[in-house]
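The next block holds one structure in the form of structure tokens; read it before the comments.
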Amino acid sequence: MAKEIKTIGILTSGGDAQGMNAAIRAAARAAMNKGVTVKGIMQGYSGLLRDEIVDLGAVSVGNIIHHGGTVLYTARCPEFIDPDPEKAAAAIKQAADNAKAHGIDGLVVIGGDGSWKGAQKLSKHGINVVGIPGTIDRDIACSDYTIGFDSAVNIALEAVIRLRDTSGSHYRCSVLEVMGRHCGEIALWAGLCGGADAILIPEHPESANIESILQVIRENRSRGKKHNIIVVSEGIPKLLGLTSQQIAETIEKETGIETRATILGHVQRGGIPTAVDIKHATMMGVYAVDLLLAGKNNRVVAYRDEKYVDFDIDEALAMKRRPSFDIEEVNHRVSTYG
Ligand code: ADP
Ligand code: F6P
């Protein structure tokens, strides 16, 4: 017999992402409307461990749908990944005990795949868990979409467009570093849509070959182009052993073209979520609650082939991500002309 869920907890974990509030609102409303009590856990697993759990009837989820950030706050919880496995296991057990003491029998975890690993471990302590993909990085294998991605990409794209104006006015080259520690999706989308000369992504270390970047810049200049945009994913400087500023200096030194570097940083994680993010967040929030109410455990919600689906967490975490190499390929074909 499926476990009957009377109280659910909701938490956000890992890096925040635009749309997390919409997911919190949707999950809370869907549960409350089925007579389920809803608790908010502050600051992700850290709050669960510190027993910072509030009644979401009291903390309203009204008027948050359109706000960036997360009203539940978020955090990384180092105790869950303590290098000493006994300490990590004790922290996870303590967190599960705290949840149970509040009557929480179902938990919605909004975060990236790191957060899902924490959820997977909590589920072994008798709490039914469902994960929702929430990260601007769009780096989760089982899902074609992660909440926050569209908002972040559009901020990165706007930066490319603004740089094109100033870069073009001065016949300069601009190097723009966007977020994505291990994942080049933001760089690929912003680069393709912004008409970048080159896009450097960590999944494809060959893209970070300085000689080939110099060649693209020189070729494009010889064809009459008056400015250049190079989009660099955050993971690249580590791979290359050069900061984005140093990449810009190298380009300037080798080509004689004045070059400026811009590191966009955390502005990509703030501001009003786009309709795409609010829509996915709302659909996934409700889907997650439906899974819990159906007695499901150790599941994640995903968006795949234009449908909302769910997977077992273990299965989801074992899947291999498919980076958008097609975007990279197409950008190569359209970033030079003549
Ligand atoms: P994201 O969820 O965006 O991938 P992180 O990888 O930083 O972000 O993970 C968020 C939190 O999830 C971590 O701080 C930790 O508390 C928890 N977590 C990550 N990996 C594990 C793991 N292997 N086991 C248990 N908990 C984990
Ligand atoms: O949210 C994902 C992400 O933006 C990565 O692309 C980035 O490397 C990381 O988070 C940085 O987050 P923080 O500064 O919060 O550690």
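Computed quantities for the displayed model
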| item | result |
| --- | --- |
| Dipole in debye (nearest 20) - the chain, about Cα centre, beta carbon charges: Lys, Arg +1; Asp, Glu -1 | 520 debye |
| Distant-in-sequence amide H partners of Ile229 (H built 1.01 Å from N, under 5 Å) | Ser174, Asp197, Ala198 |
| Apportionment of accessible area to carbon and sulfur, the chain, percent (1.4 Å) | 52 percent |
| Cys77 accessible area, assembled protein chains, probe 1.4 Å, Å² | 10 Å² |
| Dimensions in Å of the stretch 29-123 - Rg and Dmax from alpha carbons | 13.8, 42 |
| Listed residues Gly69, Gly184, Gly256, most fluctuating in the chain (Gaussian network, C-alpha, under 10 Å) | Gly256 |
| In sequence order, calculated HN-Hα J values of the stretch 279-291 (Karplus, 6.51, -1.76, 1.60; Hz; x Gly/Pro) | 5, 4, 4, 5, 4, 6, x, 5, 4, 4, 5, 4, 4 |
| Residues with amide H under 5 Å from that of Gly19, placed H, sequence gap 5 or more | Gly69 |
| Difference of contour (0.36 nm per residue) and Cα-Cα distance, Val276 to Ser222 | 15.5 nm |
| Mean separation of Cα contacts under 8 Å, 6 or more apart, over the residue count of the stretch 152-269: relative contact order % | 39 percent |
| Simple spin-label estimate for Lys6 and Arg333 in nanometres, 7 Å along Cα-Cβ | 6.0 nm |
| Listed residues Val334, Val301, Val309 arranged by accessible area, highest first, probe 1.4 Å | Val334, Val309, Val301 |
| Where Lys121, Lys307, Lys225, Lys253 fall by accessible area, highest first, once all protein chains stay in place (1.4 Å) | Lys253, Lys307, Lys121, Lys225 |
| Gln94-Asp312 FRET efficiency (beta carbon distance; Förster radius 25 Å; 0.05 resolution) | 0.45 |
| Geometric extent, Cα atoms of the stretch 152-269 - Rg, Dmax (angstrom) | 12.7, 37 |
| Residues with amide H under 5 Å from that of Val129, placed H, sequence gap 5 or more | Leu107, Asn298, Arg299 |
| Descending semi-axes in Å of the stretch 131-217, equivalent ellipsoid built from Cα gyration tensor | 26, 17, 8 |
| Surface per residue (accessible, 1.4 Å probe) for the stretch 152-269, Å² | 44 Å² |
| Semi-axis lengths (Å, descending) of the ellipsoid that matches the C-alpha gyration tensor of the stretch 87-189 | 41, 12, 11 |
| Value of relative contact order over the stretch 99-160, rounded to a whole percent, pairs C-alpha under 8 Å and six or more apart | 26 percent |
| Rg and Dmax [Cα atoms of the chain; Å; Rg one decimal, Dmax integer] | 22.0, 72 |
| The chain: relative contact order in percent, alpha carbon pairs under 8 Å with at least 6 residues between | 23 percent |
| Accessible surface, 1.4 Å probe, highest first, among residues Ile155, Ile110 | Ile155, Ile110 |
| With Cα atoms, 0 to 90° folded angle of helix 20-32 axis to the chain main axis | 20 degrees |
| In sequence order, calculated HN-Hα J values of the stretch 66-83 (Karplus, 6.51, -1.76, 1.60; Hz; x Gly/Pro) | 9, 9, x, x, 9, 5, 8, 6, 9, 6, 9, 10, x, 4, 5, 10, 4, x |
| Alpha-carbon Rg/Rh ratio, for the stretch 1-74, with Rh computed the Kirkwood way | 0.97 |
| For the stretch 203-215, Karplus couplings with θ = phi - 60° (6.51, -1.76, 1.60), whole Hz, Gly/Pro x | 6, 9, x, 4, 5, 9, 8, 4, 4, 6, 5, 4, 5 |
| Rounded tilt (10° steps) of 85-101 against the dominant C-alpha axis of the chain | 60 degrees |
| Only Lys, Arg (+1) and Asp, Glu (-1) charged, at Cβ; the stretch 85-237 dipole about Cα centre in debye | 240 debye |
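The values are calculated or read from the model by the stated rules, or taken from the named source; none is laboratory data. Quick caveat: nothing in here was measured; it's all calculated off a predicted structure. No Cβ is skipped: glycine too gets one built from the backbone with ideal geometry, and neighbour counts run over all protein chains shown. Remember, those area values only see protein heavy atoms, side chains included, never the ligands or the DNA or RNA. Shrake-Rupley method; radii C 1.70, N 1.55, O 1.52, S 1.80 Å.
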